[in-house]
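For reference, the structure is listed below as structure tokens.
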Amino acid sequence: ARVPPDGPRHHLAALGWWVALFAHATGDYARARATGEASLAAWRALGDREGVAQALSHLGVYVRELGDHARAQALLEEALALYRALGDPPETADTLIRLGQVFQERGDLGRAGACYAESRALLEAAGERSVRLPHHLGSLALDEGRHAAAGAWFRESLALQRELGLREWVHSSLADLAGLAAAEGDAARALRLAGAADRAAAAAGVTLQPTE
């Protein structure tokens, strides 16, 4: 998260963003959306483009989690345009992943793939590594019936998390592999992996999102 300039209005806008982030992380999705909307309005009133872009990108996640894909797309497309104008490749890449997820959940796999591909190119050019992007590339491959590619992406994400010592996404990667096993007709493996995913989530203290 960005550090706002000095001034009470900036600090209140930033506080609203943090409250929304915490509400989302703890499963209070209605509060996350309401507080995120208020934070966005505050950043707009300040004319702070970076603050607006950050608020838009995160609010897009909150409303997508609540099933409002049309609103999520509009928010994320506005955030993407701002981040491009600001010349911020990492945030542009992150927002592309979020927008791709919206398209994927709406069944527009072509546009989802285009978003992920552009995000991948930006991250590689910046020398950045992402555990989230392989997850989404694997999910897209699974939706397209490309099981071998899906497995490779899921395993890449899991390996990177272990390398970096990250715990909060391990359950998601294990759930991805469970879904792949189910798609391949291996019910026993799918159940084992699903159980491992539940245990990993509990061990990391993760609050599962509505889409999980």
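The values are calculated or read from the model by the stated rules, or taken from the named source; none is laboratory data. This structure is a prediction, so every number in the text was calculated from the model and none was measured. Cβ atoms come from the backbone with ideal geometry, glycine included; neighbour counts cover every protein chain shown. Note: areas computed on protein heavy atoms with side chains; ligands, DNA, RNA excluded. Shrake-Rupley method; radii C 1.70, N 1.55, O 1.52, S 1.80 Å.
A few remarks follow.
- Apolar share of the accessible surface for the chain: 55 percent from carbon plus sulfur atoms, 1.4 Å probe.
- For the chain, alpha-carbon Rg and Dmax in angstrom: 17.7, 58
- Entry note, the chain: relative contact order of 12 percent, from Cα contacts under 8 Å with a spacing of 6+ residues.
- Sparse packing (at most 15 other Cβ atoms within 10 Å of the Cβ) combined with a DSSP loop state is found for the following trypsin sites (Lys or Arg not before Pro) in region 126-191: Arg129, Arg146, Arg167.
- Remark: the chain carries 48 Å² of accessible area per residue (probe radius 1.4 Å; ligands, DNA and RNA excluded).
- For region 132-211, the square roots of the Cα gyration tensor eigenvalues, ordered a ≥ b ≥ c, give a/c of at least 1.5 with a/b no greater than b/c, which places it in the oblate category.
- Using the empirical formula 2.2 N^0.38 Å as the baseline, the Cα radius of gyration of region 1-96 reaches a ratio of 1.00.
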